[in-house]
Structure formats: C-alpha cells, structure tokens
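Notes to accompany the following structure.
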Amino acid sequence: MDGSILLYPSPGRGHLASMVELGKHILDHHPSSSVTVILLSTPPPDTHLISAVSATHPSMTVHHLPAIALPNSDHLSSSPANFILSTFEIVRLHNPTLHQTLVSLSKSSAVKALVMDFFCNAAFGVSASLNIPTYYYFTSGASGLASFLYVPTLHVKYPDSFTDLDGPILMPGYPPVSPRDMPMAISNRSLKVYSYFLETAVQMAKSAGLIVNTFDSFEASALKALRDGLCVPDGATPPIYCVGPLVATGGGTKGGDERHECLGWLDSQPSRSVLFLSFGSLGVFSTRQMKEMAVGLERSQVRFLWVVRVPPPHDEARRMLAEPEPRLDSFLPEGFVERTRGRGMIVESWAPQVEVLGHGSVGGFVTHCGWNSVLEAVCHGVPMLAWPLYAEQRLNRAYLVEELKLALSVTESAEEDGLVSADELEERVDELMRSEKGRAIRDRVLAMRDAATAALSEGGSSLSALAELIGLIKAGSSELDVPDLVTSAVGVSGDVGSASTVTIST
C-alpha cells in the first residue's frame, strides 16, 4: 500500500486495546497495508499491551508523541468522571505535536487516512487542516453510536435537561430508556465534559466514516436507525463500517509464561457451572457493597470466580485500617473465604478474562457492560448478568436486556449509591444459572456467537465492510503541501515539539 493508515487511540486501556485490535485486524486481512499507531505519552501507555503486539504483528509501527506537562495533576484521577474529562483535555494539549508528527510522517509516505478514537475529537481540526481523510473509531457498539450521534437532537429537544423527566427517553433504534440510565456526562449539562461530548457528536457526523466494533446481525435495529439517517436528522450520516467483533486473544499469563492459577482451578470445575464476576479496569466497590455481594454469592451455592479489588481510598472501612495495603479479606464477611473454599475462588485485581470466558467451566458472567466485555461474552457464548457502573454502560444494559435479550439485569436500590442487595444478587444469579429463562438466554447467546463467527468469516459482513473501507482509503489521496502546512493548522496552538518514531520488533 502506497501510504499509511494512522491509528490514534485514547489512553484508556479498553480503548487502546480495541484500537490495537483494529490495527491487527487490518494487517491480518490486508497485509499490504501500512499501519502506524500514534500513542500519547501522557499518561504513559500500557507498555505490557503494546509490547505484546510485537509477538504477532512486528510490522505495526508505533509512534510515541512526546510527553507533555499537565496544568493540573488532578486530571489523572482514577475516577471515571475525571478520567473522561482529562482524556479529552490531554488529547487537545497534544495537538501541536500531533500536527508536527502528521507533517513529518507525510514526508516519508503519503498519509492515506487518520482513524481516531472518539475521545480524540480535538485532533479533528488538525487532520482537517492537513486534508487528511479522517474516520472515527467508535469502540462501543452501534447502539451506543446511535445514542451518541443523537445527543445534539436531545440537546434541542430537552433545552434544560432530562434528568427530572417522569417518562422514558425515546431515541432511534433504542428501546425506551429511563432518564437515570443516561450517562452522567450527557445528563448533567453543568459539567464541562458535556460540551466535549456535544462537540464530538457534531464533528463525528462530518467525518469520512464511522468504524464500529460490532457486526451487522448483532445490533440490527440500531444500525437501521443509523443508516436511515434517524440519528442525525439535520444532516447526512457518514458511512458506517461494522468490522467486529474485534476481541483480543491470548493473555492467559501476566508478566511471564506461567499460566494463571485461576485457569487451573477452572479445569477442575464441572462444565458451565462457574459464575465469573469481573467489572473492568475501573470497577471498584465500597466495603458495604462487597459484603452484600459475598453474602449473595454464598447463599446462591453457585460456583464462582470473582475478580476483586480493594475499595477506593475514601471508603470508610478502608480509612479505618492502619495498613497501607490492606488484605482483601478485610473487606469481606468474616469466614467467607473459608466457607466458600473449593466452590469459589477470589482473584485480586486481574484475571485473563478472554481465556476465562472461553473456558468450558464458565456458565455465566456478571459484567459491568463495558463493550469489550460484552463482545468477549458473546464471542464465547456466555450469558450475562448486567451490572453497569459508569459511562454508557447503563445504555448497553438496556439494549442487551430489552432489545437483544442476551442478559438479565440486577436491580439497584433507589439510594444514591445504588446498592445491589445480597437478596437481589442471589435471586438473579439463581435465575441466570438455573432457570428456564437463563437457559433461553444461553441459547440466544450461543446463536449470536455463531453469527459473530460468520461475520468474520470469508464473505461475512464484517470482512466485507473492512474490505470496502480499505479500498476507499487506498483509492483516496492526501498529498500535503508540507512547507506551507507547518504553520497553518486550524485549531493548533502552543509550541510544536518533536516526536520519535519507534517500530516494535521482536
């Protein structure tokens, strides 16, 4: 391929992993393509993830933008709300060095397209000023994209807010949604992040195309609404390319070659008997909630594999402990670990989720409804119990439960902290793992697993969409007048720094 496809991921681990999978997918099926990943250096990227790429795709080039000084260290807060805001702002601060990088790369090889995460929206002005065809990669699903593109319409339709509405919110391609299920960043218009989301939705509709990590038969109603133009009623909707499901493979070890002990434990469990509980990289619970979860699991008598993190620093029980790094059992009911030993296993912080979901002993998955996790469950035919925590996860739950019927939902209390009681968890676990309703969900998930396999097979919808996309990118041109463009980028301010290109190699 005469020219490069540039991928620009945001720093969140799930977003970075998904974008890397897109790059690998392009190279696997279009090996003549040239793919370069442009990485932010602030905050530092996941080096373990990036290094792992070298084992299978040494031809993928990685270009590190130089680190920048942040005006406020609080931007690196681990809370979901602050993380979302800081991601938008960190990308904006990188615009000067991104601009120089794009100009520099264009000198050695034509830049055919920039594919960027939607959190990287601030870069749209840079690529547009350089006449680079720009595509957005939406790491969530078509249903999430439908609701996101509809944000400008919701902004006009509900000029004040919709947080206090009595009735449901209606959006194209979606089942009716409760106002409390709308993402915080869209519900609370006083937040700065709301303006970022609104601007991003407008800009995405002006792009060369939208690449989505889903497949045609998975989210049919949402895709129909998108392609019928219902989500951007006042303008044209860019072409939609469903290229998924893009799911990471491997990773059964962490930091070495030894197989993770939880996989050995699963080997000894009966087929489809184990409930897997895992809540993503930012999923933490209060001590109160952890104890309710433990009681519910113990009462259910279901075998379980539970990925647990210690509560956040502001948790009252944690603050009362003198230990700087307290043990997990300090936050669980006394004797819980001993009483459930054998039929239950607790793993601290991390487990190889893809391998766990692919294990024959796993029969259910309690998930926060992050899109990567949803796709991993679908690809392995594992029914879900939906327990969303932040971002668009409540919308994902609504679509999974009401539209696709691939999951059951836990019911949170009306309290501010949304506690899920032990009784509620016990009942839902029993329903998922033992009831006819749970078996019906399993059957539907297994059918969707087969559909996902077909989409990624020769002649399948996702490979056809990828071929169409790559064909259009190859046919396009982006010949930059480099000397003039160095100082003419729209929306770029500040000093232009230098960046170094690094090629990952084994």
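The values are calculated or read from the model by the stated rules, or taken from the named source; none is laboratory data. Computed from a predicted structure; not experimentally measured. Every residue, glycine as well, gets a Cβ built from its backbone with ideal geometry; the counts of neighbours run over all protein chains shown.
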Go through the stretch 206-248 and count every residue that is assigned to a strand (DSSP E or B) and either among the β-branched types (V, I, T) or farther than 21 Å from S464 by Cα (or both). 3
If the requirement is being of a type outside the set (F, W, Y), modelled with pLDDT under 95 and surrounded by fewer than 24 Cβ atoms within 10 Å (Cβ to Cβ), which of these qualifies: A391, A414? A414
Taking the stretch 279-290 on its own, how many of its residues are out of contact with any Phe, Trp or Tyr (no Cβ under 9 Å at 6 or more places or on another chain), closer than 15 Å to E348 by Cβ and not in a loop (DSSP other than H, G, I, E, B)? 0
Number of the condition not met by S59 [criteria: (1) part of a helix (DSSP H, G or I); (2) more than 24 Å from T97 (Cβ to Cβ); (3) of a type outside the set (A, V, I, L, M)]: (1)
Residue among S461, S457 that alone is hydroxyl-bearing (S, T, Y) and either more than 26 Å from the chain's Cα centre (by Cα) or buried (at least 16 other Cβ atoms within 10 Å of the Cβ) (or both): S461
Of the residues that make up the stretch 210-229, is at least one more than 20 Å from the chain's Cα centre (by Cα) and modelled with pLDDT under 95? no
Criterion first (without any contact (Cβ under 8 Å) to a residue 40 or more places away in the chain and in contact with a strand residue (DSSP E or B) (Cβ under 8 Å, 6 or more places away or on another chain)) does I169 satisfy it? yes
Pairs needed: first member in the stretch 258-269, closer than 15 Å to G358 by Cβ; second member anywhere, modelled with pLDDT of 95 or more and assigned to a loop (DSSP other than H, G, I, E, B); C-beta distance under 6 Å; at least 6 residues apart or different chains. H260/P352; C262/A351; L266/H359; L266/S361; Q269/S361
Restricting the stretch 91-101 to residues that are touching a helix residue (DSSP H, G or I) at 6+ places or on another chain (Cβ under 7 Å) and closer than 13 Å to I38 by Cα, which is surrounded by the fewest Cβ atoms within 10 Å (Cβ to Cβ)? N95
Given P383, P333, which one is in contact with a Lys or Arg (Cβ under 7 Å, 6 or more places away or on another chain) and either outside the structural domain of G418 (by TED's automatic domain parsing) or surrounded by 20 or more Cβ atoms within 10 Å (Cβ to Cβ) (or both)? P383
Sole exception among (1) in contact with a Lys or Arg (Cβ under 7 Å, 6 or more places away or on another chain); (2) over 26 Å from G235 (Cα atoms); (3) modelled with pLDDT of 95 or more for L98, by number: (1)
Among the residues in the stretch 79-86, are any assigned to a helix (DSSP H, G or I), aromatic (F, W, Y) and at pLDDT 90 or above? no
Please tell me if S281 is polar (S, T, N, Q), in contact (Cβ under 8 Å) with a residue 24 or more places away in the chain and more than 26 Å from P352 (Cβ to Cβ). no
From L446, L466, L425, which residue is buried (at least 18 other Cβ atoms within 10 Å of the Cβ), outside the structural domain of V103 (by TED's automatic domain parsing) and modelled with pLDDT of 95 or more? L425
Would you check if there is a residue in the stretch 171-186 being touching a Phe, Trp or Tyr at 6+ places or on another chain (Cβ under 8 Å), modelled with pLDDT of 95 or more and either part of a loop (DSSP other than H, G, I, E, B) or of a type outside the set (D, E, K, R) (or both)? yes
